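Heads up: the structure comes next, in structure tokens.
The values are calculated or read from the model by the stated rules, or taken from the named source; none is laboratory data. Just so it is clear, the model here is predicted, and its values are computed rather than measured. Here the Cβ positions follow ideal geometry from the backbone for every residue, glycine too, while neighbour counts run over all protein chains shown. With ligands, DNA and RNA removed, areas are computed over all heavy atoms of the protein, side chains included. Shrake-Rupley method; radii C 1.70, N 1.55, O 1.52, S 1.80 Å.
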Amino acid sequence: MDDTAVIISNLGKRYRRSEKFAFRDINLRIPERTVLSLLGGNGSGKSSLLEVISGIRNPTSGSVTVFGRDPRSIRGRIGYLPQNFSLYNELTVRENIRYFLTMYGKEADIDRIIEEYGVGEFSEKKYASLSGGMKRRTEIACILSVDPELVVMDEPTAGLDIDSCKELWELIAKLKASGKTVIIASHDMHDAVSHSDMALYLREGVQTEFREDAP
Amino acid sequence: MNAASILFHDLIVRLKRYVRNPANIVWVIVVPLVIVNIVGFILPNDDGIVAVYVQDKDGGLYSQILVSVLVNEYSATVIDGSLDTQTEIDEIDAKYPGQAKVFIIIPDDFFQYYKKYTTGEEFQAQLTSNNLSFIMDMMKTIDEDYNDGNVHITIRTNTDSSNLGQRALKALNNNLIKQVSPGLTVTLILLIVSSTLVVVIRDERQQRMNDVLRNSRYNKGIQAVSLIIWALLPSAIILVMTFIAMRFILDVSFDSRVIVALFLASTFTVAYGLLVSEIIRNGQAVFAANTSIMLAMLLLCGGIFPKDLLAQRIVDASVYVPVSYIIDIFGCTMGYAGNYDHSVLMASVFIIGMFAVWYVIVKLHERSM
């Protein structure tokens, strides 16, 4: 495909030992250099959908392709930030970033990454000693340090104060400007919609609304 | 960057995380030392377990000092009658069946002989510090030196109790029933090691880092190898610390096969830990399951109660309990009876089997995700 980042066709996921689908019959096409907001209440299937798009979980039905391929087969091109994610507490911010780069087999200027993602003030501090906002920034820096083409974030603004949220949305705008495709799950409907190009609404695992050029 | 290099970096990061957390150090180093020493020092005072009989044929100053130490510190019984022949010793032995005994005969020219091996000051010092191991070793050397076919010193027990450490271990193992079984020490060690392993592996599974890194080059294969190598480390450290405490503080002597015992016990606990935490994924449930499964295995295999007291059906079933062979290997290494070669073979089969089952479960789980 030319400029399409993600194609989702009749996608569904049902967990083992569960009668209900986490989500089903999702159809979507996300062009490159787009920000998509995934909206819905608790248990609506947002996180499960993100995990399938990221290649973390297998779909039960339908298909998903990322840059024309199975997401599980394109190592290093997808950056996934889970909702309840924690870096290694005993390592410093710098060491955590270096660990990510190593695991992805990439070499990069760590000082530049630290500067670019605004974690310089606390780069030598251990992750465990950081505040919630600092931790989230560090996690995002780690995910983005490996320069993924598709960035998938599950509720990245959860627990952040207003200023940190604002910084995050600015960062997302920068990511889009630099040519990346971003998918974000969020509870914060107003902010998410106003900063996105597209929005998908889920209700109990069913796609209830889809809007392009959301703002 | 190749897989080996990524694996190496991952292990370095694990090591950094580990040493920066003081609780880990306490758990793997201090806890085994404390537990082994507590049980090792408290239980040897139970002198009824290993009975000491002494006959003083010398009657000199030093032999009298030795007798008084044996009587006062080790509740030795002084034998007035003759213990010159094996038959006479057997007669005494037969009076107290089933109880481990040590017979010490101080020869009539003890004074001449002991001077060959120690000075008067050192002898006094060792006696003052109650070093029974030293006394036993010296007496055995004297006995070997006679080489005249007569019995000068003999140690009659179900097992060799020639030094204090061994004696401590036997006391420890016999505190439930006055018979020799290799149980309680190894039970404690295996419980500590397996609990530590389950905690390590459970922590690993709770991290979402592996999910995040699934799209990196840190694939499932490298993750599995890294986890196995990493899980081996705490179990090996605990076992080494336990053996150091036994050897250098409790003065237990092992044969050189202790290395094999350490290796097999470590790999066994790793395979077991992986298996348990794969089947039961909930944090606290995994801990409870480990204790239940390990205790059940130890009960079935004669680890806690001697096999000769167990029902024949349980003894037959113990052949299929993997931990039986690990305990046998420990027993052999520490001087207990057992078929060592057979145990190594069977332990290896079970360990490889556990790894194989773990791998199959992981693969099935992956497919169902």
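For the structure I just gave you, tell me whether B:ASP203 is of a type outside the set (A, V, I, L, M), out of contact with any Ser or Thr (no Cβ under 9 Å at 6 or more places or on another chain), modelled with pLDDT under 80 and closer than 23 Å to B:ARG14 by Cα. Yes; evaluated as a whole, the condition is true for this residue. Can you name every residue in the range A:46-76 that is surrounded by fewer than 17 Cβ atoms within 10 Å (Cβ to Cβ), assigned to a loop (DSSP other than H, G, I, E, B) and more than 7 Å from chain B (Cβ to nearest Cβ)? Selection gives A:THR60, A:GLY68, A:ASP70. In the range A:1-20, the residues that are of a type in the set (Ser, Thr, Tyr) reach residues that are open to solvent by 90 Å² or more (accessible area, probe 1.4 Å) with C-beta atoms within less than 9 angstrom, at least six apart or across chains, in these pairs: A:THR4/A:ARG29.
Among the residues of the range A:26-45, the ones that are in contact with a His (Cβ under 9 Å, 6 or more places away or on another chain) and open to solvent by less than 10 Å² (accessible area, probe 1.4 Å) come to 3 in all.
Scanning the range A:77-97 for residues that are facing another protein chain (nearest Cβ under 8 Å), farther than 17 Å from A:ILE53 by Cα and not polar (S, T, N, Q) returns A:PHE85, A:LEU87, A:TYR88, A:GLU90, A:LEU91, A:GLU95.
Out of the residues in the range A:192-215 that are charged (D, E, K, R) and surrounded by fewer than 18 Cβ atoms within 10 Å (Cβ to Cβ), which is modelled with the lowest pLDDT? Selected residue: A:ASP213. Residue count for the range B:60-88, restricted to those that are open to solvent by less than 30 Å² (accessible area, probe 1.4 Å), at pLDDT below 70 and part of a helix (DSSP H, G or I): 1. Every residue in the range A:12-25 that is away from chain B (no Cβ under 14 Å) and open to solvent by less than 40 Å² (accessible area, probe 1.4 Å), please. Across the range A:12-25, the qualifying residues are A:GLY12, A:PHE23. Against the criterion of being away from chain B (no Cβ under 14 Å) and farther than 29 Å from A:ALA141 by Cα, A:SER9 qualifies.
Against the criterion of being within 14 Å of chain B (Cβ to nearest Cβ) and surrounded by 15 or more Cβ atoms within 10 Å (Cβ to Cβ), A:ILE113 does not qualify.
Note on the range B:45-59: among residues that are under 35 Å from the mean Cα position of the chain (by Cα) and open to solvent by 40 Å² or more (accessible area, probe 1.4 Å), the one that is modelled with the highest pLDDT is B:ASP56. If you check A:PHE100 against the conditions, is it away from chain B (no Cβ under 14 Å), farther than 18 Å from A:LYS180 by Cα and at pLDDT below 90? When the stated conditions are applied, A:PHE100 does not pass them. Among the residues of the range A:143-183 satisfying the criterion of being assigned to a helix (DSSP H, G or I) and polar (S, T, N, Q), which is nearest to the other protein chains (Cβ to nearest Cβ)? Across the range A:143-183, the extreme among qualifying residues is A:SER145.
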